[in-house]
Structures are given as C-alpha cells and as structure tokens.
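Data first, discussion second: the structure below is written as structure tokens.
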Amino acid sequence: MDLTTNPYFHPAGPAAGDDDKFHDECGVFGVWNHADAAALVALGLHALQHRGQEASGIVARAAPGVFNTHRGLGLVGDIFGDAKVMAGLPGRAACGHNRYATTGETALRNVQPLYADFEFGGFAVGHNGNLTNAKVLRQALVKRGCLFQSSTDTEVFIHLIAISLYTNVIDRLIDALKQVQGAYSLVALHDGALIGARDPLGVRPLVLGSMPNAGGAPSWILASETCALDIVGAEFVRDIEPGEVVIIDDNGLRSQKPFGRVPSRFCIFEYIYFARPDSVVEGTGVYASRKLIGAELARESHVDADVVVPVPDSGVPAAMGYASECGVPFELGIIRNHYVGRTFIEPTDQIRHLGVKLKHSANRATLEGKRVILVDDSIVRGTTSRKIVEMVRHAGAAEVHMRISSPPTTHSCFYGIDTPSRRQLLASHNDVAEMAALIGVDSLAFISLDGLYRALGQGGRNNAQPQFCDACFTGDYAIPLTDWPAEAARAEPALLPGR
Ligand code: SF4
C-alpha cells in the first residue's frame, strides 16, 4: 500500500514541532523549607524539561499570606534565566510546573501552577496527568455559578475546593480528589503546607526527596522524577504511593490514604519513552529497563544483520540491550542534531518534509553495504519512521529491519499524554506486514506485550489484573472515559499480545 493512498497516513506529517512521538504533558516540582525554594524549583523544572516544553510557572510563598507568581511560554531557561525574575520569587516554599498542552490551548492563562485566593488563603496547584471527567464537572460547576479563568482540566480542582463544605484545606482538597476521575500527580502549596497527591491507580509518577539543613528541619522536595532530585542534590526518600496524599509542613510529613486501596496501574510507557533514562521510577531504573526491553526484543525477533543502529535519542538504550543480547555490533548510524529550534519547523508541507533531515542525518560510514537493524521505541503515525528508513537506504544500507521496543500503539491515551486521535495511529488500522510495507522496511517487529512485562520483571501480563496501564497498546482503559463516551464505547478488551 502506498502511503499517500492510505487514508490513515498523513503525508503532510504531524503538526508543526511534533516529532511523531507521544508527548508527556507535564512535570511538577515543589519545595518546602529551603532558603532558595524558587531557585530549586527552577532547577527541578529544568531537569523535567522533557516532560513539557511549552510553558512553565512557579508560585512562591514569600511570607504568611503573600504569594508571588511568574509564568511564561517557552523553555525553563528562557523563563527563569533572568535574575530579576528569580528575585521576585522569594520565600522558603514554592511549587512549579512544566506544561506540554493536552487540555486547553497553549496560552498564558493555562500555564500552571494555577493560583487562587480562598477564604483560607492562597492556594497553588500544578498537575501532571489528565482528568477524564473534567468536562462533565466543569459543566456542572459553571451551572452553579463558577467562573472559569482557563480552559485546562486542572481548574476544576480550584472550583471543587472553593465550593467544598469542609473547613480544613486538606479536607477540601480530598473532597475535590474524590470527585475527579483520571490520572493526576499533584503538587499544591498553601500558606501552611506543601501537598503531594497521586490518583488511586498511580498512573503518573511522583517522588519525595529531602535535603538536610544544618541544625534544623530538613528541606522537602516533591518531583515528577528522581532526575529532578539529583539536580538539586536532594536524596530520594520514596515514591508517593498511588492514592496517597502527603502533607509537608513545619511539623514534618504526614500521609493520608483517603481512597480505598486498589491495585495500581502505573503507565508502562514511562519505562519505554517518557521518563528520563537517569530516573528511577517505581523502584526501577529507567535506563536499565530500556536495555532489558531491548534484550527481550532481540530474543523475540532477531534477524541476521551486520549492525544494530538506534533511532536517537530515545531508541539508544533499547538498541544497546538488543545489540548486546544478539552479539551484533552497535553503531551510531543516525546522528541527531540537538540544535534544531522548534521555530525552524515551519508549518508548510515543503519544510515539514525537511523536518526529519534537520533533526537526523545518516552516517554513511556505518551503514553502506550493511544489513541494518534499526531500533526505535515506538511508531505513532509512522511519518518519521518512513523518512528515517528512506535516509538509511539512501546511505547505502543493503537491508533495513526495524525493531520497536513497544507493542503496536493502537489506542490514544487519555491519562496525561498528548497523542493523536486513534485514526491517526498507524497501528490502529494496519497489521505489522502492512506497516512494514508503509514504512518501507525489509522486516518489522514489535516487542510483544508479554515480552514487555517480562522485561520489567513480571512473569508476563496478568490479564485478570494487569500490573501496569497499557491502554495505548490494548484498549484496556482502567479509568472511565467519562468525557469521551464515543471512545469509551469503542474501547476494547486487551488485543492479542504481540499483535
Ligand atoms: S494509555 Fe499508554 S501512555 Fe497513557 S497512561 Fe496508559 S500506558 Fe501510559
């Protein structure tokens, strides 16, 4: 089948700036009891830049009842690189957020942390994840007279807290959490405490860290990933548990578990692609996990070849694991240019076609005359894969075999990851042989679902009670899709492993 005649293939390529990957939407970071709280938050957000590149914000508590805020569109270094900006964020407690828009247009009013003045004082909240009943809740809240200032799902937390009949701010927040559905890892700040909360299934990550203070109480950190603790020199303490609310104040840390205990469903894609390789998520090192996934992929689908070549950067650890398992040399056959600004990708078809070449170039010296195994982490629309395969062939590869360290991505994510609609996902309407033809490879194989679970230390997928969220590979949505009834009706039970 020709790409241009396939109704699900978009020859114009993805939207400007999109590199044909799923995108994590947000990173959160909070600090309690540190003299340079906002500076630490800025550093933490910098380490979490991979979780959101469109906007960032920091709210800092300068004194009882006094909060200062700075938000901007762009990268963390551009927004908080100015000493005057940081000087305007004094105080010993602060929270911050990186945003990659998934709900609400990219506009300053949607940049988090959101802040509101309540009768109990100021309250700021940053959210990683996506609520699946936010539209329904919003309609009900608007009918009750709530005036929304943004179009982001996160604002429902603010209004649910505002109308709660509880008097204590923590009880009000928990009251709000009990009404929302979806995935959330929250970092919130009010006059008396820094608060962290994770949804009952623990879909998105959230970790706790601390730093000693000579002769005094420690500084506490909440962050999306451990790589953000490392950058500020904090020690990892533990993961915030699924369904846990932690309250950090001048008396230390206390924990509440307001929801009934349910088996967790952490996002399996965090291991494959989203989390930074130097992070440890849910007790497992991401870099090591990716190598193990690559090794399992080799055991499942190895083919005779001369070199194993990663699609950089995200395919590198899996390719290393693959090469080591099958004993084929690992070579950097594709070089990535890290200095391509997003603004360079102009929204014209002609320039979009150039996009892949701007970002990747083939290293002819390692490809010419070789049988190449290309390893990547996922195929979303397939546009980038096809162009990279073309590039590798143009550089003289004798054969190109593609191996993917995730199962076919057949479904959209509604839990905090920016994904195309299902009809745009190449694997949703093509089997593996059709995808191989569309991408132009001699062979194509994906890791099986059970193989992925095995690589992550499980015996395989427990179909009766899956250990992770894997809905984008299976259609098995563990959290109701209340705002998307049509998608919910089409959601499928698990597809065949290894499809
Ligand atoms: S649907 Fe996929 S990307 Fe979304 S939370 Fe589940 S595993 Fe992660």
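Data table
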item: Number of positions in region 394-406 that are without any contact (Cβ under 8 Å) to a residue 40 or more places away in the chain and within 18 Å of P317 (Cα to Cα); result: 0
item: Residue tally, condition open to solvent by 40 Å² or more (accessible area, probe 1.4 Å), within 29 Å of C472 (Cβ to Cβ) and under 24 Å from the mean Cα position of the chain (by Cα), over region 236-269; result: 6
item: Top-ranked residue in region 90-110 [being modelled with pLDDT of 95 or more and either touching a Ser or Thr at 6+ places or on another chain (Cβ under 8 Å) or open to solvent by 20 Å² or more (accessible area, probe 1.4 Å) (or both); ranked as farthest from E225 (Cα to Cα)]; result: P90
item: Leading residue by the ranking (farthest from the ligand (Cβ to nearest atom)) among those in region 429-443 that are open to solvent by 20 Å² or more (accessible area, probe 1.4 Å) and closer than 16 Å to T409 by Cβ; result: E434
item: Options D278, D313; residue that is within 24 Å of R198 (Cβ to Cβ), of a type in the set (D, E, K, R) and more than 16 Å from the ligand (Cβ to nearest atom); result: D278
item: Subset of region 398-421 [surrounded by fewer than 18 Cβ atoms within 10 Å (Cβ to Cβ) and within 21 Å of the chain's Cα centre (by Cα)]; result: S421
item: Unique match (being under 30 Å from Q139 (Cα atoms), outside any loop (DSSP other than H, G, I, E, B), of a type in the set (K, R) and away from the ligand (no atom under 16 Å from the Cβ)) among R423, R386, R403; result: R423
item: Residue list for region 329-355, restricted to those being modelled with pLDDT under 95 and crowded, with 21+ Cβ neighbours inside 10 Å; result: I345, G355
item: Residues of region 135-169 classified as within 28 Å of I248 (Cα to Cα), hydrophobic (A, V, I, L, M, F, W, C) and open to solvent by 10 Å² or more (accessible area, probe 1.4 Å), total; result: 5
item: Hey, F118 within 23 Å of L48 (Cβ to Cβ), among the aromatic types (F, W, Y) and open to solvent by less than 70 Å² (accessible area, probe 1.4 Å) or not; result: no
item: So M391, is it more than 16 Å from the ligand (Cβ to nearest atom), open to solvent by 10 Å² or more (accessible area, probe 1.4 Å), touching a residue at least 40 places away in the same chain (Cβ under 8 Å) and closer than 22 Å to V372 by Cβ; result: yes
item: Qualifying residue in region 283-296 (condition: at pLDDT below 95 and either more than 30 Å from R61 (Cβ to Cβ) or open to solvent by 60 Å² or more (accessible area, probe 1.4 Å) (or both)); result: yes
item: Cross-chain or 6+ apart pairs with Cβ under 9 Å, region 407-430 first and over 19 Å from L444 (Cβ atoms) and without any contact (Cβ under 8 Å) to a residue 24 or more places away in the chain, then in a loop (DSSP other than H, G, I, E, B) and near the ligand (Cβ under 10 Å from one of its atoms); result: S421/S412
item: Cβ-Cβ under 6 Å pairs, at least 6 apart or on other chains, region 473-492 side under 10 Å from T132 (Cα atoms), far side open to solvent by 40 Å² or more (accessible area, probe 1.4 Å) and part of a loop (DSSP other than H, G, I, E, B); result: I479/Q181; P480/Q181; T482/Q181
item: Meets criteria (free of Cβ contacts under 8 Å to residues at least 12 places away in the same chain, part of a helix (DSSP H, G or I) and away from the ligand (no atom under 16 Å from the Cβ)) for D230; result: no
item: Answer from R461, R454 - the residue that is of a type in the set (K, R), at pLDDT 95 or above and within 15 Å of the ligand (Cβ to nearest atom); result: R461
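The values are calculated or read from the model by the stated rules, or taken from the named source; none is laboratory data. Keep in mind that this is a model prediction, so the values were computed, not measured. Virtual Cβ from ideal backbone geometry, glycine too; neighbours counted across all protein chains shown. Keep in mind that these areas ignore ligands, DNA and RNA; they rest on the heavy atoms of the full protein, side chains included. Shrake-Rupley method; radii C 1.70, N 1.55, O 1.52, S 1.80 Å.
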